Amino acid sequence: MNAIVSRQFPDLPARMSSLPRSKTGFPIPYFAEEVNGERDFRVVSAQKMAHAVRHSRCWVCGQTMGKYKAFVIGPMCGINRTISDPPSHRECAIFSAKNCPFLSRPLAQRRTRGLPDERREAAGFGLKRNPGAVGVWITTSFRPFRPRAGNDGILFRIGDPIEVLWFAEGREATRAEVERSVETGLPSLRELAEMDGPEGIAELERCVEQFMPRLPEPSA
């Protein structure tokens, strides 16, 4: 099994090499909860989330992190600086962005079949879409908080990035691909901003202006 996984994932970080494997050969991330006797990638363990945040553990491999924290985000999360998943090591986040079937395939949809209803929703108001392009946002700061509305749970406010890397279809994303994701996602984010009136719209516009320089450089 290890030889097969090695051939499938030549970019597998050494930190992830000791993770158990799924029936399909994927490394099972630290956060995956057990459902019906099997670890399920789609289900987050609340206990492991708390442990990861409290003890500065990587969300993917479970090992201790250092100064730098990497968040796997869609462009909308980059705009509002908010995400429902804790940070990972840089290399673990990059591997996830390039190899996770949902994140690396723009047309993929997140499966909820077979999940208990209470495990289908993230905290706050999540946008139920595949972003098409996904970023790895590296920062030294973040803070957990409870959303003011929506269902129970924890969200994370991410700090200014030191580096942002973009991926699509398991490779580096082009600026056009990230721009397309921004264009298709903004209407939903704008609907949420409108709930706070003119101030909410103005804040969203400010966040978009701050975010756009984080996109990949235009192709020559």
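Scanning the stretch 23-54 for residues that are assigned to a strand (DSSP E or B) and not charged (D, E, K, R) yields Pro27, Ala32, Val35, Phe41, Val43, Val44. Restricted to strands (runs of 3 or more DSSP E) entirely inside the stretch 129-220, those with at least 1 residues that are out of contact with any Ser or Thr (no Cβ under 9 Å at 6 or more places or on another chain) are 134-139, 142-145, 161-168. Check the stretch 46-60 and report whether any residue there is at positive phi, in contact (Cβ under 8 Å) with a residue 12 or more places away in the chain and of a type in the set (Gly, Ala, Ser). Checking the stretch 46-60: not a single residue is at positive phi, in contact (Cβ under 8 Å) with a residue 12 or more places away in the chain and of a type in the set (Gly, Ala, Ser).
The condition of being under 15 Å from Gly132 (Cβ atoms), crowded, with 19+ Cβ neighbours inside 10 Å and either modelled with pLDDT under 95 or among the hydrophobic types (A, V, I, L, M, F, W, C) (or both) holds for only one of Ala173, Ala193, that being Ala173. Among the residues of the stretch 19-69, write down those that are within 20 Å of Pro101 (Cβ to Cβ), among the aromatic types (Phe, Trp, Tyr) and touching a helix residue (DSSP H, G or I) at 6+ places or on another chain (Cβ under 7 Å). Of everything in the stretch 19-69, those that are within 20 Å of Pro101 (Cβ to Cβ), among the aromatic types (Phe, Trp, Tyr) and touching a helix residue (DSSP H, G or I) at 6+ places or on another chain (Cβ under 7 Å) turn out to be Tyr30, Phe31, Trp59. Here Cys61 meets each of (1) open to solvent by 20 Å² or more (accessible area, probe 1.4 Å); (2) at pLDDT 95 or above with one exception, condition (1). Among the residues that make up the stretch 196-217, is at least one of them open to solvent by 60 Å² or more (accessible area, probe 1.4 Å), under 12 Å from Met76 (Cα atoms) and not hydroxyl-bearing (Ser, Thr, Tyr)? No, there is no match, as no residue in the stretch 196-217 is open to solvent by 60 Å² or more (accessible area, probe 1.4 Å), under 12 Å from Met76 (Cα atoms) and not hydroxyl-bearing (Ser, Thr, Tyr). Residues in the stretch 7-18 that are in a loop (DSSP other than H, G, I, E, B) and open to solvent by 20 Å² or more (accessible area, probe 1.4 Å): Pro10, Asp11, Leu12, Ser17, Ser18. Figure legend. Inter-residue proximity from the stretch 185-209: first residues charged (D, E, K, R), second residues part of a helix (DSSP H, G or I) and open to solvent by 30 Å² or more (accessible area, probe 1.4 Å), beta-carbon distance below 7 Å, spacing 6+ or different chains. Indicated pairs: Glu194/Ile201. Scanning the stretch 146-170 for residues that are of a type in the set (A, V, I, L, M), at pLDDT 95 or above and surrounded by fewer than 16 Cβ atoms within 10 Å (Cβ to Cβ) yields a total of 1. For Phe71, the conditions (1) outside any loop (DSSP other than H, G, I, E, B); (2) modelled with pLDDT of 95 or more; (3) surrounded by fewer than 18 Cβ atoms within 10 Å (Cβ to Cβ) all hold with the exception of (3).
The values are calculated or read from the model by the stated rules, or taken from the named source; none is laboratory data. The structure displayed is predicted, hence computed values, not measured ones. In this analysis, Cβ positions are derived from the backbone assuming ideal geometry, glycine residues included, and neighbour counts consider all displayed protein chains. Surface areas here come from the heavy atoms of the whole protein model, side chains and all, with no ligands, DNA or RNA. Shrake-Rupley method; radii C 1.70, N 1.55, O 1.52, S 1.80 Å.
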